[in-house]
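The values are calculated or read from the model by the stated rules, or taken from the named source; none is laboratory data. What you are looking at is a predicted structure, and each value in this text was computed from that prediction instead of being measured. Here the Cβ is made from the backbone with ideal geometry for all residues, glycine too, and neighbour counts use every protein chain on show. Ligands, DNA and RNA are stripped out before the accessible areas are found, and what is left, the full protein with its side chains, is counted by its heavy atoms. Shrake-Rupley method; radii C 1.70, N 1.55, O 1.52, S 1.80 Å.
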Amino acid sequence: SPEAQGALGPGRRATLYARVATMVSLLPAVYFRKFAAVKNGRLAACNACIWGVVVVLVCVSCLVFTFYVVPMEAHVRLEAWPDITGASGSACNTVANLDHLNYNPGNGTGYWHFQSATCAKRCSSALSNTFNESCFQNSELNSQEDDKSIFFATAFVDEVQLRYHGDKAWMDSTFKEWYDRMTDPDYNAFQQDKLAAVTGDPVVLAAEAAADNVSEAEIIAKYTMPSTPCDMVYDLTSEETARGCKGSFSYVIPSFVQDFTVNMDIRYQVSVPFVDGSLRTVIKNAGGSVFKEFAGGEVTISVKEALEAAGVDLAAEIPPEASFPNEPTDLSRPLGLAVGADIVFDAEVKNDGSGGLCEITVMGSPSWVTKKEMSPLDIFGSARARTYSGVRFAFKTKQSFTSFDAKKLIYLLSICLYWLSMPGIIFFAFATGYLGTLSEAYCGYCFEHVDMKKEVDGVTARALSQSLLIEDLSDIVKENNHTTVQGFSLTQTRHRFEDILRNSSVLSVPEQDLLAQFFYDNTAVEMHGHDHPDAITIEELLPASMSNENIRTFSDVLSVIDQTGADKTALEEVFFDQTLSVFSEPRPKLAKDAGKIIPHDKKAMLMNRLKLHSSLWVVQRCNLTRIRLGQEALDEKMQTLEKAGAVLEDLARRIENGD
């Protein structure tokens, strides 16, 4: 905008226009990477810091993001079953006093009450488990649920409901008398008086027995208060409710239940058989420490060992942080033996380089773990509800098989290599754009516009200069197949180095001579024929003096300006450098004007060199032809000197005579 141009000022606008013009002139250009060494300590430190930070970040990324280790699909199977063989004993020595197991979760909670526990005993036979003899079989203390979990009972509560008080004959013969006497106090008192009368007077007893035609014992039994075969609780609200009785009993399983074991069989299958199929199993406790090891996938662990690994003590009170209902009037905490515990086996199967590894972490906590079973006691509807509490084992499996993916590693290395180039990009942008005038100077070194025409001109000019040097220094000439080969000897080389290094205080005379000898030995070639010594020719001097040229040899110049293009390839023709098109354009013919032709006067050239150097050194280091021309030039010079001497002699005589 005009306002922005006015704000820039004329100087800034000129600079901006110059930069835009330069950029436009370089639009059809391709930039190649160029390295420029800049001796700047602070920039070097900055570059080192950037490189260090990026290298550290790349290394950390390679260590953290190891995505070249890829997961593999695997199938893991874990089978578990309980084993109760080998368990023996009947002592309930889990806790010192069974009264400590009393636990009342509170009225209305729906939980059972664990009160006045006794030690349970084994049944003498499979049919001896009746309402008045609560016992257990070993097979009843364990079970495997549908979710593959395993349950071991540590205690149980029997809730018994008896119809007809457990005796149908008593119900038919005695229940009516028992119920009437239990519910009617007057009738019960009358019967008791009658009992006292017959038992107190034998004559009355005998007379009543004769009247009823029964025995005296039957008369006494008639007036005696009948007893119920059920010693549990009964409800006398009505005759119907009084026909049954119920009771609740708590039992503790003997401690041999902790000798029961859990057997596990762990197997796995992977899609790629990179392991030999072996498996090593390690059981860890809740803290992560190794608790047990097995050489294989078959694992056996007892209930006691599992509780120890999980850190659960059934004989201890439930910790306060565990939430359990409790009767407000009873603040005692229940024991784990009464309520149970949850044990979880978390199995992870993976590969550790030498084969399969199964790590099983055992975790657990006290919990409400119950199992309820209903069983009939007789054919009249009596039943028993047994609620087991105990330890439940749950199993979880997962797999984390991994394998090395070379393609992902190559991909990671490619990304890392690319990121390792970022410091150079960042530092280059900083050095060439944010240091003001210093950045502009650096840009001059780093960005160079290549013009092949100028390169050819420069190489050609320098080659022409070297050819003139050969003309001046050559002291060996040989005719070979109508071709004259010129070169200069070691003597000429030493004289030339003496002239160049005359005012140098770095090298002494012997060192200068050694340098000349070194240059000559590595540049001179053997002239053809035994009568010619070694010499430095134009063919050896040009490569030695043009080793740092962008266009390496003069033959490259000749191939560039070659009009026929016989040596050009197809790609070279396609990507032809437009700056070389000047050599392909037709050149205008020079006018044949003899006046415009500058003659090649070797004598004049030699006289100019004599005037320039004011020394005969130029003549002494020329070939025979130039020596002759130099002799003629010296003759002219001597004539001039003789005339000057005559003038000086005449001037001296005049001064002497006083003229």
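Restricting the search to the range 458-487, which residues are assigned to a helix (DSSP H, G or I), open to solvent by 70 Å² or more (accessible area, probe 1.4 Å) and without any contact (Cβ under 8 Å) to a residue 12 or more places away in the chain? Selection gives Leu464, Leu468. Within the range 180-218, the residues that satisfy the criterion of being of a type in the set (Ser, Thr, Tyr), in contact with a helix residue (DSSP H, G or I) (Cβ under 7 Å, 6 or more places away or on another chain) and either at pLDDT below 85 or closer than 23 Å to Thr228 by Cβ (or both) are Tyr187, Thr199.
Let me confirm something: among Ser124, Ser116, which residue is at pLDDT below 75 and assigned to a loop (DSSP other than H, G, I, E, B)?
Working: Ser116 fails: at pLDDT below 75.
None of the others qualify; the one that does is Ser124.
In contact with a Pro (Cβ under 9 Å, 6 or more places away or on another chain) and either at pLDDT below 90 or part of a strand (DSSP E or B) (or both): which single residue out of Val275, Val262 fits that description? Of Val275, Val262, the one residue that is in contact with a Pro (Cβ under 9 Å, 6 or more places away or on another chain) and either at pLDDT below 90 or part of a strand (DSSP E or B) (or both) is Val262. Within the range 167-178, residues that are touching a residue at least 12 places away in the same chain (Cβ under 8 Å) and in a helix (DSSP H, G or I) reach partners that are open to solvent by less than 70 Å² (accessible area, probe 1.4 Å) and of a type in the set (Phe, Trp, Tyr) with beta carbons closer than 6 Å, at six or more positions or on different chains, in the pairs Met171/Tyr164. Filter the range 208-233 down to the residues that are in contact with a Gly (Cβ under 8 Å, 6 or more places away or on another chain) and aliphatic (A, V, I, L, M), then identify the one that is surrounded by the fewest Cβ atoms within 10 Å (Cβ to Cβ). That would be Val233. Counting only residues that are open to solvent by less than 50 Å² (accessible area, probe 1.4 Å), in contact (Cβ under 8 Å) with a residue 40 or more places away in the chain and within 24 Å of Ile415 (Cα to Cα), the range 40-56 holds 4 of them.
Pairs linking a residue in the range 531-548 that is over 12 Å from Val459 (Cβ atoms) and aliphatic (A, V, I, L, M) to a residue that is modelled with pLDDT under 75 and open to solvent by 70 Å² or more (accessible area, probe 1.4 Å), with Cβ atoms under 9 Å and 6 or more positions apart or on different chains, are Ala535/Glu526. Of all residues in the range 427-450, none satisfies being more than 21 Å from Val38 (Cα to Cα), open to solvent by less than 50 Å² (accessible area, probe 1.4 Å) and not small (Gly, Ala, Ser). State which residue is modelled with the highest pLDDT when the search covers only the range 278-297 and only residues that are in a loop (DSSP other than H, G, I, E, B) and surrounded by 11 or more Cβ atoms within 10 Å (Cβ to Cβ). Top of the filtered list is Asn285.
Got a number for residues in the range 496-506 being within 18 Å of Asn522 (Cα to Cα) and open to solvent by 60 Å² or more (accessible area, probe 1.4 Å)? Step through it out loud before you land on a result.
Of all residues in the range 496-506, those within 18 Å of Asn522 (Cα to Cα) come to 496-497.
Among the residues that remain, those that are also open to solvent by 60 Å² or more (accessible area, probe 1.4 Å) are: 496.
Count: 1.
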